[in-house]
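The values are calculated or read from the model by the stated rules, or taken from the named source; none is laboratory data. Quantities reported herein were computed from a predicted structural model and do not represent experimental measurements. FYI the Cβ positions are ideal-geometry reconstructions off the backbone, even for glycines, and counts take in every protein chain you see. Surface accessibility is based on the protein's heavy atoms, side chains included, excluding ligands, DNA and RNA. Shrake-Rupley method; radii C 1.70, N 1.55, O 1.52, S 1.80 Å.
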Amino acid sequence: MTPVILLAAEKRSAEVTDWAARIGWVVGLALFVALVYWLMREGWKWRGTLQGDLPELPTAPDDLGPAKLSASGRYHGSTTAGQWLDRIVAHGLGTRSRVELTLTDAGLDVVRPGAGDFFVPADALRGARLDKGIAGKVLTEGGLLVVTWAHGERLIDSGFRFDHAADHNEWVPAIDSMSKTNVTTEGAER
């Protein structure tokens, strides 16, 4: 009988949770996460300030003419041509969104619900290609339509993924046939 009495004597009540310490850790972690998000936001705004020399984006003319091609999908962003990680955020070009693309003889009309629309005139188109990635988005080979265009003194790559990826194939020759100078950045060092 003695061992049972010893076991009962050694039992203690559970330790009481130190709520002040636990709340302190939770508040500290929440402040740290808020600081990281604030720093990311400031970095995004700073990048936009550095790209402030980019002219305003052109808007579509009143009469675009008949559509050669149209598609809907996702706009994944724009980068400096050939530099797939150098995201352009000025004028809303860094904002991902749904997209409705229309290609006409006048150019490429990019309509983005919830984000700024823009228009790429036909004489600014430099070419198109199928690629696998653009800043922040990597897909299978050929899963992304990348349109290269001139804006101001910059060449810009804009990435689009259609709802039906098979539609990408007909856009490349259509855009390439419209471009004055066909610039390719395919195989750019990654």
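Can you tell me which residue among S97, S158 is without any contact (Cβ under 8 Å) to a residue 24 or more places away in the chain and touching a strand residue (DSSP E or B) at 6+ places or on another chain (Cβ under 6 Å)?
Just a single option satisfies the conditions, and that option is S97.
Is it true that W44 is out of contact with any Phe, Trp or Tyr (no Cβ under 6 Å at 6 or more places or on another chain), among the hydrophobic types (A, V, I, L, M, F, W, C) and not in a loop (DSSP other than H, G, I, E, B)?
yes
With the condition kept exactly as written, say whether any residue in the range 22-39 is surrounded by 17 or more Cβ atoms within 10 Å (Cβ to Cβ) and over 18 Å from R154 (Cβ atoms).
Filtering the range 22-39 for residues surrounded by 17 or more Cβ atoms within 10 Å (Cβ to Cβ) gives none.
No, every residue in the range 22-39 fails to be surrounded by 17 or more Cβ atoms within 10 Å (Cβ to Cβ) and over 18 Å from R154 (Cβ atoms).
I need every pair where a residue in the range 59-88 that is closer than 13 Å to G133 by Cα and among the aromatic types (F, W, Y) has its Cβ under 7 Å from the Cβ of a residue that is open to solvent by 90 Å² or more (accessible area, probe 1.4 Å) and at pLDDT 85 or above, sequence separation at least 6 or different chains.
Here the result reads Y75/R96, each pair linking the range 59-88 to a residue that is open to solvent by 90 Å² or more (accessible area, probe 1.4 Å) and at pLDDT 85 or above.
Identify the residue in the range 108-141 that is out of contact with any helix residue (DSSP H, G or I) (no Cβ under 7 Å at 6 or more places or on another chain) and of a type in the set (G, A, S) and, among all such residues, is nearest to R98 (Cα to Cα).
Looking at residues that are out of contact with any helix residue (DSSP H, G or I) (no Cβ under 7 Å at 6 or more places or on another chain) and of a type in the set (G, A, S), I get G114.
Restrict the check to the range 5-19 and report whether at least one residue is at pLDDT below 90, among the aliphatic types (A, V, I, L, M) and surrounded by 12 or more Cβ atoms within 10 Å (Cβ to Cβ).
Within the range 5-19, not a single residue is at pLDDT below 90, among the aliphatic types (A, V, I, L, M) and surrounded by 12 or more Cβ atoms within 10 Å (Cβ to Cβ).
In the list V110, V89, which residue meets the criterion of being at pLDDT below 85 and of a type in the set (A, V, I, L, M, F, W, C)?
Exactly one residue qualifies, and that residue is V89.
Within the range 46-54, is there a residue that is closer than 30 Å to R98 by Cα, modelled with pLDDT of 90 or more and either aliphatic (A, V, I, L, M) or open to solvent by 100 Å² or more (accessible area, probe 1.4 Å) (or both)?
There is no residue in the range 46-54 that is closer than 30 Å to R98 by Cα, modelled with pLDDT of 90 or more and either aliphatic (A, V, I, L, M) or open to solvent by 100 Å² or more (accessible area, probe 1.4 Å) (or both).
Among the residues of the range 70-85, are any open to solvent by less than 40 Å² (accessible area, probe 1.4 Å), part of a strand (DSSP E or B) and more than 30 Å from G43 (Cβ to Cβ)? Even if it seems obvious, please write down each step before you answer.
Keep residues of the range 70-85 that are open to solvent by less than 40 Å² (accessible area, probe 1.4 Å), which gives 71-73, 75-82.
Imposing the further condition that a residue be part of a strand (DSSP E or B) reduces the set to 71-73, 75-80.
If we keep only those that are more than 30 Å from G43 (Cβ to Cβ) too, we end up with 71-72.
The answer is yes, given that some residue of the range 70-85 is open to solvent by less than 40 Å² (accessible area, probe 1.4 Å), part of a strand (DSSP E or B) and more than 30 Å from G43 (Cβ to Cβ).
State all residues of the range 105-164 that are open to solvent by 30 Å² or more (accessible area, probe 1.4 Å), assigned to a strand (DSSP E or B) and of a type outside the set (A, V, I, L, M, F, W, C); if no residue qualifies, say none.
At the first step, the residues of the range 105-164 found to be open to solvent by 30 Å² or more (accessible area, probe 1.4 Å) are 105-106, 111, 113-114, 116-117, 121, 123, 126, 130, 132, 136-141, 152-155, 161, 163-164.
This time we only want the ones that are assigned to a strand (DSSP E or B), so: 111, 121, 126, 130, 137-138, 154-155, 161.
Hits for the range 105-164 are P121, R126, K137, R154, R161.
With (1) modelled with pLDDT of 85 or more; (2) exposed (fewer than 10 other Cβ atoms within 10 Å of the Cβ); (3) closer than 30 Å to F119 by Cα as the list, and E42 as the residue in question, which single condition is left unmet?
Status for E42: all satisfied but (2).
Could we say that V99 is open to solvent by less than 10 Å² (accessible area, probe 1.4 Å) and out of contact with any Leu (no Cβ under 8 Å at 6 or more places or on another chain) here?
Criteria met by V99.
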